[in-house]
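To start, the structure under review is shown below, and the notes come after it.
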Amino acid sequence: MTSIEFDRVSRDFTTPDGRPYRALDDISFTVSAGSFVAIVGPSGCGKSTLLNMAAGLLTPSCGSVRVDAVVLTGLNRRATYMFQQDALLPWKTVRDNVALGLTLSGVARRDAHARAAVWLGRVGLAAFGDHYPAQLSGGMRKRAAMAQNWIIDRGLLLMDEPFSALDVHTRLLMETELLTLWEAPAASGVARPSQGRERGAESPALHAPRSRKTVVFVTHDLEEAIALADEVIVLSAGPSAHVVARHQVTLERPRDLMELRTSPAFIDLYRALWVVLREEVARSQRTAEPTRG
Amino acid sequence: MAERRGEILAWRVLVGVAWLTLWQALVSLKILDPFFVSRPTDIARRVNDWVVGGTIWRHLATTLEESLLGLVIGSAMGISLGFALGRSPVAARVFDPYIKMLNAVPRVVLAPLFLLWFGLGIWSKVALAVTLVFFVMFFNTYQGVRDADRVVVDNVRMLGATERQLVRHVLIPSALTWIFSSLQTSLGFAMVGAVVGEYLGSTRGLGYVISQAEGTFDTTGVFAGMTVLGVVVVIVSAGVTRLERWLLRWKV
């Protein structure tokens, strides 16, 4: 339950040959607490840069990032970050990896392992606690990374194309799993995963927004963005990328990702956003600037 | 792999036997003069005499002691400095030319100095081994720390690690893979340092045995000394390989 606000944020880099390069220009938007926002844009437009600033791994050249209305300095301690690349520690077992956030904050090893076991079960890795990351498939490593992030239960979840390296079907499963975790009420760490799949009766608006994490999800895949998010923000092609469109996604929750992509409402949304994104993708092809993730 | 292991062992033995047979044959056929190159059977007999007579053990023990001390001290120094400079790019740039300069000094030149400073005992040899091991360990640790995966570092920082936790959970394990891959080289260097040191001035050790033999044009003694040294290196490095495999077991 954390809100994050970009206030006129710009970020400059220096190119290898010493010229200044403005990656992001004058970006302003707010992600309210408990909502799921996807950021799409052509590759190299600075999406990851934006996320790194939200994490506090990078500082803005101008403007500021505010977390729960407080200007962010240093690392964002209310956020976890799921990276595009493998970020598990290869020399630790899956169990130790999942428990890492707890052990770092001083939780006793036994307790940390007990809680890690719960999370391993929840992401379907109960039998793989003693394996090393290199012994797992790409999809399993992503599950482990998800558990590693969720176990420390912070209000804001930053995700940088987390599933882009996976094949289409594994990806769909992972997206489903993400939504299941996110839509499940009670982030206290004891919710059963099945709860998120229940349909009908309770309106999601009644219980969910109070306990849900805030998610900022970066992707270049518009379908993924619409399928997952409450709001899609489209960035322009770089350099000087800026926000070109914001679109509410009014699809009902919980969503069935297996069916969603063929529903008329989804297709309408896709068409409306693709018109905007298509322009930017075309533009990014024309400008032969060095790409930045 | 398993079925190939026997095959490889067979080839290994074959190569060794072929080499020794060729050597022996060339000497027997008087193509080579045994005064200069000895002959395998003589060398084997000499090694056997040393082992059975027990004269070799105290020399071997001395050389191993010096090598081990050199390895431990050199590693400790190299790893610490590698870490310090790996974490501090500014200091790394300051020290860079000096480290390169020192590394370029031929160690043989240092040996007489060390004899002067540390005497004829084991410490002058340990010092020589240290100068060799230090640089291998330093460069590898430095590289290992610099080479730590940026994403893993960022991930661990986001998960709440302090600087010290970052060093312990990421930088040390990351550098360890580099350090271990250089351990074989370092071990070899430590023994070279010890033996060269002994060779240039000592009262015991394999280097001393070899230099005594050379002093009397006893080529059999020289080759026998080299044989003992070689066998010991192979045995010790097999042990290191096993240790390495265990410590880096997460690398599938």
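The values are calculated or read from the model by the stated rules, or taken from the named source; none is laboratory data. Quick caveat, the model's predicted, so the values are computed rather than measured. Every residue, glycine as well, gets a Cβ built from its backbone with ideal geometry; the counts of neighbours run over all protein chains shown.
Kindly check whether there is at least one residue in the stretch B:237-247 that is more than 30 Å from residue B:142 (Cβ to Cβ) and acidic (Asp, Glu).
Taking every residue of the stretch B:237-247 in turn, none turns out to be more than 30 Å from residue B:142 (Cβ to Cβ) and acidic (Asp, Glu).
Could you figure out which of (1) crowded, with 20+ Cβ neighbours inside 10 Å; (2) modelled with pLDDT of 90 or more isn't true of residue B:111?
(2)
Identify all residues within the stretch A:111-127 that are surrounded by fewer than 19 Cβ atoms within 10 Å (Cβ to Cβ), among the hydrophobic types (A, V, I, L, M, F, W, C) and in contact with a helix residue (DSSP H, G or I) (Cβ under 8 Å, 6 or more places away or on another chain); write none if there are none.
A:117, A:126
Which of the residues spanning the stretch B:1-58 are acidic (Asp, Glu) and part of a helix (DSSP H, G or I)?
Correct list: B:3, B:7, B:42, B:49.
The rows are residues; the columns are (1) part of a loop (DSSP other than H, G, I, E, B); (2) touching a strand residue (DSSP E or B) at 6+ places or on another chain (Cβ under 9 Å).
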position	(1), (2)
A:216	no, yes
A:232	no, yes
A:252	yes, no
A:259	no, no
A:262	yes, no
A:273	no, yes
A:277	no, yes
A:280	no, yes
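Might you check whether a residue that is free of Cβ contacts under 8 Å to residues at least 24 places away in the same chain, within 26 Å of residue A:49 (Cα to Cα) and β-branched (Val, Ile, Thr) occurs anywhere in the stretch A:153-168?
yes
Kindly indicate whether residue B:84 is within 20 Å of the chain's Cα centre (by Cα) and without any contact (Cβ under 8 Å) to a residue 60 or more places away in the chain.
No.
Quick grid of which residues meet (1) crowded, with 16+ Cβ neighbours inside 10 Å; (2) more than 30 Å from residue A:129 (Cα to Cα); (3) more than 14 Å from chain A (Cβ to nearest Cβ); (4) in contact with a strand residue (DSSP E or B) (Cβ under 9 Å, 6 or more places away or on another chain):
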residue	(1), (2), (3), (4)
B:206	yes, yes, yes, no
B:220	yes, yes, yes, no
B:235	no, yes, yes, no
B:238	no, yes, yes, no
B:250	yes, no, no, no
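Looking at residue B:196, is it surrounded by 20 or more Cβ atoms within 10 Å (Cβ to Cβ), within 27 Å of residue B:44 (Cα to Cα) and out of contact with any Phe, Trp or Tyr (no Cβ under 8 Å at 6 or more places or on another chain)?
Judged against the criteria, residue B:196 is not a match.
In a helix (DSSP H, G or I) and buried (at least 23 other Cβ atoms within 10 Å of the Cβ): does that describe residue A:146?
It is true that residue A:146 is in a helix (DSSP H, G or I) and buried (at least 23 other Cβ atoms within 10 Å of the Cβ).
May I ask you to list the residues in the stretch A:157-184 that are out of contact with any Asp or Glu (no Cβ under 9 Å at 6 or more places or on another chain), within 14 Å of another protein chain (Cβ to nearest Cβ) and of a type in the set (A, V, I, L, M, F, W, C)?
Correct list: A:157, A:158, A:159.
Kindly list, by first and then second residue, each pair from a residue in the stretch A:20-36 that is outside the structural domain of residue A:251 (by TED's automatic domain parsing) and within 19 Å of residue A:61 (Cα to Cα) to a residue that is in a strand (DSSP E or B) and among the charged types (D, E, K, R), limited to pairs with Cβ atoms under 6 Å and residues at least 6 apart or on different chains.
Going by the 6 Å Cβ cut-off, there are no qualifying pairs.
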